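A short write-up of the structure that comes next.
The values are calculated or read from the model by the stated rules, or taken from the named source; none is laboratory data. Note that the structure is predicted; figures quoted are calculated from it, not measured. Here Cβ is always computed from backbone atoms with ideal geometry, including for glycine, and neighbour counts include all displayed protein chains.
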């Protein structure tokens, strides 16, 4: 197994602030048989200079500079130039444990496994959350993939929880399988691009190994958590990519409802008007918005003119991110300023608890939330 070369692809765009820590965590790996592909996607800061300096110091480092075309195109460039037995990815503002690839190779059941799926650590400014796949650690043959993984890999039951993590950064993918799979991820997909590739690959895989191990540090910084909207076309292309592959693989029936749930989830977080306009929540009304997480930020970014007050139990955190968020108590003292409250939380059960608590506080205005 020590003879296996792993190609580590790092797409880079204006990441000078984090890049040294990222690349250093890769070149210092205890597993040395690595090919490190740094894909500079038209950076305008010092990222390319940093990459070139690492290349001068370590002959395993290959630097490719290209015009800016986005994350998907940068990853494709890396794949085209990779020569390793396995391919994996690291984002330029993240890092990996020093023994990541040594442990993964030791745990690898066979160099013929198409996809190796492991876990990651979401690193927030104030906490760390371990994210794992929901299946026992073992290698699944094609029959087991269809019987065990397909029924819940894209939607494990609760809204929204993946059975298999969508992130490409916590996968090892056999290069010969990847190049022969003929998956197509549209370069214009700007959200869900990891899921787009991951689940297309999974439906074509003949073997998948799940490993209970989380060495990847996915850094969720305050600026990366700020809401950024996307076009309806990007969501449609994501859905079309996955739907087309599922149909071609003959698994559309078992994955159709899961895909519908996933696209709804993406829409609520990145293009909420696609879902909420049909509810007429924000039409000709003044709204008090409860919740400043991803869903709340998406709603505020879309319906800012209709929102008269925005509250959250952890309002100080969102104030520090630049949002004008107030304590929940404002809802009681400012009831004259709004017509309804919208609870921007994706878990229906939690929304109901919030509603009950607000009523107990003395809130008399209507309280609404999104429910599947």
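Within the set 186, 161, the sole residue that is modelled with pLDDT under 90, in a loop (DSSP other than H, G, I, E, B) and closer than 18 Å to residue 269 by Cα turns out to be 161. Report, by residue number, each residue of region 67-92 that is farther than 25 Å from residue 181 by Cα and surrounded by fewer than 19 Cβ atoms within 10 Å (Cβ to Cβ). Matches in region 67-92: 67, 68. Within region 58-76, identify whether any single residue is assigned to a helix (DSSP H, G or I), without any contact (Cβ under 8 Å) to a residue 40 or more places away in the chain and over 20 Å from the mean Cα position of the chain (by Cα), and answer yes or no. No, there is no match, as no residue in region 58-76 is assigned to a helix (DSSP H, G or I), without any contact (Cβ under 8 Å) to a residue 40 or more places away in the chain and over 20 Å from the mean Cα position of the chain (by Cα). Looking only at region 159-180, which residues are over 25 Å from residue 100 (Cα atoms) and either in contact (Cβ under 8 Å) with a residue 40 or more places away in the chain or crowded, with 19+ Cβ neighbours inside 10 Å (or both)? Within region 159-180, 159, 160 meet the criteria.
So which of 121, 108 ends up being at pLDDT 95 or above, touching a strand residue (DSSP E or B) at 6+ places or on another chain (Cβ under 7 Å) and under 25 Å from residue 191 (Cβ atoms)? Walk me through how you get there before you give the answer.
Working: 108 fails: under 25 Å from residue 191 (Cβ atoms).
On inspection, the qualifying residue turns out to be 121.
Scanning region 321-357 for residues that are in contact (Cβ under 8 Å) with a residue 60 or more places away in the chain and farther than 25 Å from residue 264 by Cβ, we see that the one that is surrounded by the most Cβ atoms within 10 Å (Cβ to Cβ) is 321.
Identify the residue in region 358-372 that is under 14 Å from residue 296 (Cα atoms) and in contact (Cβ under 8 Å) with a residue 40 or more places away in the chain and, among all such residues, is surrounded by the fewest Cβ atoms within 10 Å (Cβ to Cβ). Walk me through it before giving the result.
Just the residues of region 358-372 that are under 14 Å from residue 296 (Cα atoms), to begin with: 368-370.
Next cut, in contact (Cβ under 8 Å) with a residue 40 or more places away in the chain only: 368, 370.
Numbers: 368: 15, 370: 21.
Among residues in region 358-372 that are under 14 Å from residue 296 (Cα atoms) and in contact (Cβ under 8 Å) with a residue 40 or more places away in the chain, the one surrounded by the fewest Cβ atoms within 10 Å (Cβ to Cβ) is 368.
Can you list the helices (runs of 4 or more DSSP H) lying wholly within region 279-364 that have 2 or more residues being touching a strand residue (DSSP E or B) at 6+ places or on another chain (Cβ under 7 Å)? Can you show your working first?
On the way: elements: 294-303, 315-320, 330-333, 348-361.
Passing ranges, in order: 294-303, 330-333, 348-361.
Just one of 35, 3 is without any contact (Cβ under 8 Å) to a residue 60 or more places away in the chain, out of contact with any strand residue (DSSP E or B) (no Cβ under 9 Å at 6 or more places or on another chain) and over 15 Å from residue 169 (Cβ atoms); which is it? Walk me through how you get there before you give the answer.
Working: 35 fails: out of contact with any strand residue (DSSP E or B) (no Cβ under 9 Å at 6 or more places or on another chain).
Selected residue: 3, the only one of 35, 3 that is without any contact (Cβ under 8 Å) to a residue 60 or more places away in the chain, out of contact with any strand residue (DSSP E or B) (no Cβ under 9 Å at 6 or more places or on another chain) and over 15 Å from residue 169 (Cβ atoms).
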